[in-house]
1. Ranked highest first by average number of other Cβ atoms within 10 Å, how do 337-349, 273-285 line up?
2. Using just the helices of the chain, give the 222 nm mean residue ellipticity in deg cm²/dmol: DSSP H runs with n ≥ 4 each add -39,500 (n - 2.57), and the total is spread over all residues, rounded to 500.
3. Using only Cα atoms and rounding to the nearest 10 degrees, what angle (0 to 90) does helix 166-178 make with the longest principal axis of the chain?
4. Grab the Cα-Cα distance for Ile337 and Ser382, subtract it from 0.36 nm times how many residues apart they are, and report the gain in nm with one decimal.
5. Along the Cα→Cβ direction, 7 angstrom out, place labels at Thr344 and Gln149. What is the inter-label distance in nm?
6. Over the Cα atoms of region 81-163, what is the Rg over Rh ratio if Rh follows Kirkwood?
7. Output the 0 to 90 degree angle, nearest 10, between the alpha-carbon long axis of helix 74-90 and the longest principal axis computed from the alpha carbons of the chain.
8. Could you name the aspartates and glutamates in cross-link range of Lys115, using Cα to Cα under 12 Å and dropping any fewer than eight places away on the same chain?
Amino acid sequence: MSSKWNKIDFKQLNLSLFNRQNGKFKKAAVLAFLISSLTFNLGFAKEIEDKDAFEKIYHVYVANSYIGSVSDETVIQQLVEQKEQEARIQYKELFVDASSNITVIPEQVFKVEAKDSETLEKLQEVIEVEAQAYALQVNGTPVAYLKDQNDYEDAINLLKLQYVSQEEIDELNTRQVAIAELPPLQKDATRILEIALSADITGSEASVLPSSIVTVEEAVQLLQTGSLEQQLYTVKAGDVLGSIAHAHGLKTAELVALNPSINEDSVLNIGQQINVTVHKPYVSVNVVYEKKNTENIDYAKITEEDDTMLKGEKVVKQEGASGKKEVSYLITEENGIRVERAQTSETILQEPENRVVVIGTKVIPSRGTGTFAWPTNGGYISSDMGARWGSYHRGIDIARPSNYAIKASDNGVVTFTGWDGTYGNKIVVNHNNGYETIYAHLSKISVSVGQVVAQGSSMGIMGSTGRSTGIHLHFEVHKNGSYVNPLSYLK
């Protein structure tokens, strides 16, 4: 059976002359002394004719610590193989080794005084199984150990995949290998120019405890957060989000972001667990995009005045149309969050067309003529003024006009607009000559209090608001505060 550990075997070397204090040696000191004494001991051994008078024991070291001696080196081999077999069962995919730190030094002695059971029991306690691994280093410092180089490369790729697709990575790699000039970016398209890590990531072979080796997914989590586990805080009486955040060096908004199930107005319960893990990423993924958009150019709104048009009137002379432009940007994202957007070019595809509105400036007299025009575009009287349904109808109702526009019956000033009980939406116009007209049940009012209206100008839309059985206009005329029959004044 061949031994796997470091074995030093000087033929016929008698180490019994060494002074072993308390049965323990420093490995380095032993080796140095052995080498320096080689000539003397070999010469001494040659003088002994009966070589069979010597027996052999084996001194066992783990790292620089002396463990003890055994009479048969095969028991060490068996213990090592047992340790490795146990580790292989637990860590099936790893190559394990329990002998790398063990050194066995044989010694020729006159009498064997090895303590096999004591040495093996102590060796059983200190022996460690190591596994071949691949260290993932950030700026030269190992932060994670993976099974092999393939897992190391997969971890770096998976870290990038948290923010870009595999297709985008492959496309970028293909372009970089080609080292060709980039073709112009197509309209409304986006492409990645660079995927970079914020720190220098390297890898190297290493031997570590099997329990130190992480999966690809765990390595990515470690790189992103600096931790494999969440730190949880248990809510106590009197706690609020602000106090918990402050105690852990966080802002309230950051604490809420760590706990998607709560918000700043959430009521905390005693015993509730809150994630307070402060993420300190070892590395960030920076992605630079080139983007070309077709965007609208807003049109200007221009107002022109016309003194031949009544004040308050307006006409759209030109509707206006948005223009179009092609804009290119460089966009930088860090861990999926946009941190910069810089415009690199702009091309006008279509100039905008201004919207032009003409408004009237002609001021009309606010005093009525005393002659009242029909307040609708045609229609018929559906109900006269007078007794009706056990009450008194104070005006006339006009229904079924050619369109539903309501017009001022004479020049005047609007003194009331809005809702008025059974009238529904109502307008009151004071003609400043003792007369006042009322327009009721409107579906829409398009004038405001204080506005001067001209005879025949539109003030709203006929409707059926308030107490009404159908679409119509209730029209009243008041003279010096008294109700008069509108039919006596309408022309």
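1. Details: 337-349: 10.4, 273-285: 16.2.
Packing order, densest peptide first, comes out as 273-285, 337-349.
2. On the way: 9 runs with 97 residues, N = 491.
Helix contribution divided over all residues of the chain: -6000 deg cm²/dmol.
3. 70 degrees
4. Full extension of this stretch gives 9.4 nm more.
5. For Thr344 paired with Gln149, the spin-label model returns 3.5 nm.
6. On the way: Rg = 19.6 Å, Rh = 16.3 Å.
Across region 81-163, the Cα-based Rg/Rh ratio is 1.20.
7. 10 degrees
8. Here the aspartates and glutamates satisfying the reach criterion relative to Lys115 are Asp72.
The numbers here are math on the coordinates, done by the rules we state, and not lab data. Since the structure is predicted, the reported quantities are computational estimates derived from the model, not experimental observations. As a convention, Cβ positions derive from the backbone with ideal geometry for all residues, glycine included, and neighbour counts pool all protein chains shown.
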